[in-house]
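The values are calculated or read from the model by the stated rules, or taken from the named source; none is laboratory data. This is a predicted model, so every value here is computed, not measured. No Cβ is skipped: glycine too gets one built from the backbone with ideal geometry, and neighbour counts run over all protein chains shown.
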Amino acid sequence: MSAQFHWDPETYLQQVRAEIPRFDELQDAAIEAIPFPPRRVLDLGVGTGETARRLLAAYPEAEITGLDSSAEMLFRARELGIETRLARMEDPLPDGPWDLVIAVLSVGELDDEGKRDLLRRVREQSRSLVLADTDAAELAESAGGEVTWSEGDLAVVAAAY
Ligand SMILES: C[S@@+](CC[C@H](N)C(=O)[O-])C[C@H]1O[C@@H](n2cnc3c(N)ncnc32)[C@H](O)[C@@H]1O
């Protein structure tokens, strides 16, 4: 999905569930795709922290850094007690190494070269990757991973490096 859309943290969940009826299934499938219990996690486009909240429930030991280009969305994610960075995915990522980089419904804004560049940078700094998005299946090969869940144009891709 296009991440160019300006999300309002107050109405985000209502809006995204209306746009993507399988939103909660996608989130659950992303958590299930995590290849091993992660300690240091980078959540790209963390938004209000929907994925981070589920990840912490499954892996309470995880230390999550949430990156997002929207200060309003990050403000909400901070309520989870995670570290947050106001930054763009196109810019250098916070220093790894990461056990896991996870990105749910956030890489859709990038053009093809931007996506490939991001995947290359993630691979240099992370032991694993989980991508969940519309058309994520098309990125499985570039990510060096495999599709673990799909429904219509939604897919989850997981890779371990
Ligand atoms: C649809 S929301 C998804 C939020 C969260 N991952 C989830 O699953 O609920 C997309 C998020 O990506 C962020 N975003 C969009 N483009 C970005 C970019 N280039 N760099 C960093 N964050 C970006 C938006 O601000 C928004 O919070």
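Can you pull out the residues in the stretch 41-50 that are under 17 Å from R127 (Cβ atoms) and either in a loop (DSSP other than H, G, I, E, B) or in contact with a Phe, Trp or Tyr (Cβ under 6 Å, 6 or more places away or on another chain) (or both)?
Within the stretch 41-50, L42 is the sole residue that qualifies.
Would you check if G45 is on the phi > 0 side of the Ramachandran plot and either among the basic types (K, R) or more than 9 Å from the ligand (Cβ to nearest atom) (or both)?
When the stated conditions are applied, G45 does not pass them.
For the subset of the stretch 3-40 comprising residues that are within 10 Å of the ligand (Cβ to nearest atom) and part of a loop (DSSP other than H, G, I, E, B), which member is modelled with the lowest pLDDT?
A3
From the residues in the stretch 119-143 that are outside any helix (DSSP H, G or I) and among the acidic types (D, E), which one is surrounded by the most Cβ atoms within 10 Å (Cβ to Cβ)?
Per the stated criteria, the residue is D133.
Which one of R17, R40, R78, R85 is basic (K, R) and in contact (Cβ under 8 Å) with a residue 40 or more places away in the chain?
When all the criteria are applied, what remains is R40.
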